Every structure is written in C-alpha cells, then in structure tokens.
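The values are calculated or read from the model by the stated rules, or taken from the named source; none is laboratory data. Just so it is clear, the model here is predicted, and its values are computed rather than measured. Because the Cβ atoms are built from the backbone with ideal geometry, glycine has one as well, and the counts that use them run over all protein chains shown. Calculation scope for accessible area: heavy atoms of the full protein, side chains included, ligands and nucleic acids excluded. Shrake-Rupley method; radii C 1.70, N 1.55, O 1.52, S 1.80 Å.
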Amino acid sequence: MMNNAIIDPLQGDFPEVIEEYLEHGVMKCIAFNRRGTLLAAGCSNGSCVIWDFETRGIAKELQDKDCNAAITSVCWSKYGHRVLVSAADRTLILWDVVTGEKIAQTTLEKAPLHARLHPGSSTPTLCLACPVYSAPLIVDLNAGTTTVLPASVSDGGDGLSVPSRNKVSDDSAPQTPACFNKHGDLVYLGNSKGEILIIDHHTAQVRALVPVAGGAVIKNIVFSRNGQYLLTNSSDRIIRVYENMLPTKAGLKTLDEMGETLNDLGGVEKLKAIGSKSLVLFREFQDSVTRIHWKAPGFSGDGEWVIGGSASKGEHKIYIWDRAGHLVKFLEGPKEALIDLAWHPVHPIVVSVSLTGSIYIWAKDYTENWSAFAPDFKELEENEEYVEREDEFDIMPETEKVKESEANQDEEVDILTVEHDSTFSDSDMSQEELCFLVATPCPDPEQQDKGVGNSLKLLESNHIASPLSADAAQNGLVMNHESSLLEGIDNSPAEDTSGRVKRKRKPSEKVLESQAEMVKKPVKKAKPSAKASKPKDKFVGDEDHNASLSVDEVSDEYYR
C-alpha cells in the first residue's frame, strides 16, 4: 500500500468500525473463498449469492427452482471452483461457481445445520454434514451414500463400534458439531458429553478422546486456517483453544504409531492417553462479568486473534482477543441479533450477519502518522504563523553537504521472485485458483426496443429524404409492389446460398402508426438539379440497380 509509511505501526491489526453494509434479500450465513475475493451468502429464499468483495457487487446468484427453503450453511472448495449449500429442506447441493450449474444434489433424512467439503481435494465430492438432532455424516455427493460417524465412545469402551444409523447422541443437543482437520484425513467431533473425539472417517472409528473440563455440551468446533489450533465453544460460556500436536499431514499415521506404544492400555484409557498427546489446552476465553453465550466463534486469517459474537437477542456485539487471552477490542453494532460471523482470510476485516438479513463489514480505522516521514516532524492541531530562521535558506558550503547514500547503485533489484506467503502455505501452484468471476452484463429490454425503433426510423428517413424516390413518385414511375419486395429480399444479405431467408423483426404498433401518418402527408416535390438529373436517367434505365422503397410500399409482408 502507498500509505503504509504513514500508518502507525503500534495499531492493532483488527477491525474497529463498520465500513459498509450489503443488502440482498434476507441473508442467513456467509463464507469467504480461500483468497477472500469472493463472499458467498445463503439466503432465506433458497438462493446463494456470490459477492465480489473487491467491488461489493453481486457477481452471480445460484438458485435451484425446486429449493425455496432457507440456506443453513455455505462452504467453498479449496480452489474456489465449487460451493456446497445445505438447506432446511434436508438437501445438499454442490454448485459449479463459474457455470452456475448443479454438479450434484442429495437429500438427507434430517435437515443439516452445517456442511463442509473435504479440504484435501481440488474437486471434492465428499462432505461432512451435521444434521439436526443426529450424528454427523460423511456424504458422497456423487454416489449419494452416507456414513454415520460415532458421536460417543461405546459403552464397551473400545471406541470402535459404530452407532446405528442416525442414532441421536443426546436429545438436549440440537446438533453434534464436527469439522475436518487441515488436510481432511481426520474428523474432530464435539459431543454433548463434553468430549472431543478424533475420528478416522474412512473406517468410522474413534482414534482418540479428549475430555473437556466441566463436561459441558460442545456447540461449535473449528480449526484455524493453518491447522495448528482447534477452537471449541461450550454451553458453560467458555471458548477454549487447543494446540494441535499432530502434524498437519499424515496425522492418521501418527495416531497409529501412538497406539502401538500404548498397547498396555485398553478401551477408553488408551483413547484418552492418545488424546492427551494430540490436543493440549492452550487458552480459555470468556466474559467473566456478563457471562454471555457465544455465537459463531473463530480465528482470524493468520490465527493471531480469536473472535466471538454475542448470542444475546437484540445485541450485535463482537469480542476480539489475542492468543494471550487479553480482550483487545469490543465492537458494538446495531440493535439486531448476530447470527453469523466470518473473518477475512488476508485483511483485518470482519463480516457479520444480522437477524434482519443484512451483512455488515467491519474494517480498521487507520490513523495516519505523518511524523514517520521525518523524526523532527511536528503535527499541529491548528494553523500557526511560521517565522523562518535567519540562516534557514543560506547556501551551505560543499564541505557541509549531506553525504551521499552508501547504497550500491549497481545492485540488481529482483522483481520476479515471489515471496512466500504463510497464509497460503499449502497452495498448489499447478492448480488454477478461482479468485474472480467474469461480469456478464444483462441487456436492458427497454434499450433493445429503443434501438430497434431508432433503426426503423433511420430506414424511413432514408426513403423519404432520397430525391430519387421523390422524383420517381412525381413522374409516375411507380414500381411493381411485389417485384420491389423480391428485389429487396434478393439483394439483401439475409439469404444465403441454401435459399434460407432470415426472419425480420415485426415492427411495433407505434412504428406502424407513425408510418401510416407519414403516408397521409403529401410528399413535397423536390427541385431537380443538373447533378440529380443524370442519376435519375441512369436509375430508370438500369433495371439491376437496387431500387429505393418509398414509405407507402412498406407492408407487413416485408417484416415477416
């Protein structure tokens, strides 16, 4: 940025004020793509709106004519070519963002509150769905098959048994939250018993168990973008952040190695021992004064900040903490309940959704620090009369000139090497990532009709203003009506070698009325001139010449 030099470096890198708001129907949930250039929003009418976040305009709208139920969640694929939408009518729809076509659709037994695509594939068809009052599912969108994940460890304690299909773990919990890890080889699940289960979703087996202090119901569970931290939101009004001790890649293999070293243990004890080496409690966040419940907690794009929204009705409050546990910012918006929250992947921007369906964009309020240009620069609160020093503009001798810079002027500057961005450390440069959508302007039908009317008026003016047609009419040189039409068709480019004739657009009623009025008006006799007399004789004698049609010769058959 050009103004980076005048920005105070001591300011925190988090949003402070509402910069703008977006409105389009009643929006319920939001999700950024990987680069933060596109924002997907699910609406109450069943449509998914793709916003261009740079221009703040709608780039595309995905709508299934058979789906009118409210959207419960939206999720982008890794490279942004696909969007997964879950709706309240129990459907899951996978969209192609570029073409706007449905790739796959399936219907579950219960409405999914959340659905997440597999993060390890560029063109995923596998997703994780969390239905209401049911255990999470692994859904193959192409085959339409589902695999139920265990929501708790079995009573036998082996942790390997799979529950019956869609068995509800606890009627008191509206959902059992779950999420993939960074590369999608493991699923982390939080249940109503206050336990975090690490599950191999290929075999639907529990590989590790981490008990949460107090045993409170886990309502949300989410990973940071880099996969190093896991966040949980519990019913005891505490947000907990765990440090992931497993490697981001080959985490399942590491769990197998841990299990081999703990063969002396069995059942739940072995799962807890593996869990203690997989997740370590890092920090707890709460409002010890108001003790409010939290809504849509998460991380910033770089994982340095933790964010949480107030779940209280009639409040649009957002809390921001640093990883050390300190509350660094408190944002208060309009008197509307907050229902969803998302932090921009790259910039210090937070986007929140209110109960009324509006999207609020929170951005940083930058303060310019002009003293960064010079150490002795002084900022004035009001204008002051400046008195120059006596020697301020004296010519300095050569000996007192400032020494030239010691920088090597012959050193080559590298402008081709791209610096490594830790935010996208797992980017595969061989994959073409979708960052923007091509704008396709829709033509205005009124402008189209206006253009057709102007072209017809131009045609009529050519016929009327022609002195040849006026002279021919006055001299009685009236052409055969049918032959003139045929000549007009034969000489026009509308007919190709195969003999086909393109259909011409039928004029509107207003055009026909204007033509009728022109026919009624007498045609004024044009004064023949010496220059015009020669072309007139040539026109009469040349039968192959394109004849100009007068207004009274235009009929409906010409436009058919």
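Reported count of residues in the range 55-75, each being under 15 Å from Lys102 (Cα atoms), open to solvent by less than 10 Å² (accessible area, probe 1.4 Å) and under 16 Å from the mean Cα position of the chain (by Cα), is 2.
In the range 291-317, of all residues being among the hydroxyl-bearing types (Ser, Thr, Tyr) and in a loop (DSSP other than H, G, I, E, B), the one that is surrounded by the fewest Cβ atoms within 10 Å (Cβ to Cβ) corresponds to Ser312. Taken over the range 101-150, the criterion of being of a type in the set (Gly, Ala, Ser) and farther than 19 Å from Cys48 by Cα is satisfied by Gly120, Ser121, Ser122, Ser134, Ala135, Ala143, Gly144. Considering the range 200-229, and only residues there that are in a loop (DSSP other than H, G, I, E, B), touching an Asp or Glu at 6+ places or on another chain (Cβ under 8 Å) and among the aliphatic types (A, V, I, L, M), the residue that is most open to solvent (accessible area, probe 1.4 Å) turns out to be Val217. Within the range 350-375, the set of residues being open to solvent by 10 Å² or more (accessible area, probe 1.4 Å) and in a loop (DSSP other than H, G, I, E, B) comprises Leu355, Thr356, Ser358, Lys364, Asp365, Tyr366, Thr367, Asn369, Phe373, Ala374, Pro375.
I'm trying to understand the selection: among the residues of the range 28-62, which are assigned to a loop (DSSP other than H, G, I, E, B), over 27 Å from Pro131 (Cβ atoms) and either in contact (Cβ under 8 Å) with a residue 12 or more places away in the chain or among the hydrophobic types (A, V, I, L, M, F, W, C) (or both)? Can you show your working first?
Looking only at the range 28-62, we keep the residues that are assigned to a loop (DSSP other than H, G, I, E, B), and these are 33-37, 44-46, 53-56.
Keeping just the survivors that are over 27 Å from Pro131 (Cβ atoms) gives 35-37, 53-56.
Within the range 28-62, Arg35, Gly36, Thr37, Phe53, Glu54, Arg56 meet the criteria.
Can Pro131 be described as outside any strand (DSSP E or B), in contact with a Lys or Arg (Cβ under 7 Å, 6 or more places away or on another chain) and of a type outside the set (S, T, N, Q)? Criteria not met by Pro131. Across the range 77-106, the qualifying residues are those that are assigned to a loop (DSSP other than H, G, I, E, B) and touching a Phe, Trp or Tyr at 6+ places or on another chain (Cβ under 9 Å), and the one among them that is farthest from His183 (Cα to Cα) is Glu101. Of the residues in the range 152-166, none is open to solvent by 50 Å² or more (accessible area, probe 1.4 Å) and modelled with pLDDT of 95 or more.
Among the conditions (1) without any contact (Cβ under 8 Å) to a residue 40 or more places away in the chain; (2) in contact with an Asp or Glu (Cβ under 7 Å, 6 or more places away or on another chain), the only one that Lys65 does not satisfy is (2). Suppose we keep only residues that are surrounded by 14 or more Cβ atoms within 10 Å (Cβ to Cβ) and polar (S, T, N, Q) within the range 1-44. Which one would you say is modelled with the lowest pLDDT? For the range 1-44, the residue satisfying everything is Gln11.
Among the residues of the range 230-280, those identified as assigned to a helix (DSSP H, G or I), among the small types (Gly, Ala, Ser) and more than 31 Å from the chain's Cα centre (by Cα) are Gly259, Gly267, Ala273, Gly275, Ser276, Ser278.
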